[in-house]
Amino acid sequence: MRSRVSTLLVPALALGFAVVLGGCPVKPAYPECKVDQDCTDHAQVCVLGFCKQCRTDDQCAAGQVCKDNGCVQKPQCVETKDCPAGQKCAAGQCIAECTEASAEADCGKGRKCNAGRCAAEEECVADADCADGKACVSGRCKAQGMVMNSSLQSKLGECELSAVYFDFDESTLSKQATGALAEMWKCLSSGTPFKRLVISGHTDERGTTEYNLALGNRRAEAVRKYLTGLGAEARKLKAISFGEERPVAMGSDEEAWAKNRRVELTAEK
């Protein structure tokens, strides 16, 4: 009888152990995995059978993105236009536009690398950068005694037309600027005839020539649109840009730059 019970009991116990073991699958050895839980000890996730740092950006720390299942620093830029003036985008980072050692490759023939920025040969930092008979004025080599300055104020009848100013790299009119423009237009529209009002935009010396011409144009256009909104005839308003070419203050400091970031109004009779 005992022999019969033993014979029946052994297979039953073996079957029970098999069921128990079958219900607890073995965890794969790291870095292999089947589910994310297999990677939690390493603060990772399961990607195609292996533990990786991430699948999506939200699994990375702030300021990082997920690339090739690894968290990397978020690129500072994608294109050069994403970088400040005078810099270019390389491998996701904003770097100097050029180096002196590779000026021709970075800037093109006939241009030079000036303090990390591409510049035409006539651009300069000091008088020593210029040819004989020329001086470095606001970053440009100019004939001595031939520097042109604009007038910050003009007059038409009883109306005083003064410059309005902008913050660095800005083309949005400040409250002070709109107030001054409103006063000038009130005087001009009260019976002071003029043929055309020339609105000239200016910038400080920082930035490339092309960028500053565009910035000066945006500033002039902001004034033109504001005056149109006050009732000025669009056909009698002309917006132009001189960029950095006509500084009224010489120097490379904030005091000079602030005076050069402006729009001037000149009335033609």
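Every number here is computed from the coordinates shown, using simple stated rules; none is lab data. Quantities reported herein were computed from a predicted structural model and do not represent experimental measurements. Using ideal geometry, Cβ is built from the backbone for each residue, glycine included, and neighbour counts are taken over all protein chains shown.
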Open item on the list: Can you compute the modelled spin-label distance between Ala256 and Ala105, with each label point 7 Å from Cα toward Cβ, in nm?
Closed with: 3.4
Task: By average C-beta atoms within 10 angstrom, highest first, the peptides 218-228, 26-36 - done: 218-228, 26-36
Open item on the list: Please list, in order along the stretch 57-69, the HN-Hα scalar couplings obtained from phi with the Karplus expression 6.51 cos²θ - 1.76 cosθ + 1.60 (θ = phi - 60°), rounded to whole Hz, x for Gly and Pro.
Closed with: 4, 5, 8, 10, 6, 4, x, 10, 10, 8, 10, 6, 6
Task: Segment Val47-Ser189, length gained on full extension (0.36 nm per residue, minus Cα span) - done: 44.0 nm
Open item on the list: Counting other beta carbons within 10 Å of each residue's own, what order do Ile199, Ile240, Ile95 fall into, fewest first?
Closed with: Ile240, Ile95, Ile199
Task: Cross-link table Lys186/Lys236; Lys81/Lys109; Lys186/Lys269; Lys155/Lys225, entries beyond 19 Å C-alpha to C-alpha - done: Lys81/Lys109; Lys155/Lys225
Task: Label-point gap, in nm, between Glu158 and Ile95 - each point 7 angstrom along Cα→Cβ - done: 6.3
TODO: Give me the distance in nm between label points sitting 7 Å out from Cα along the Cα-to-Cβ direction at Glu233 and Val65, one decimal.
DONE: 5.3
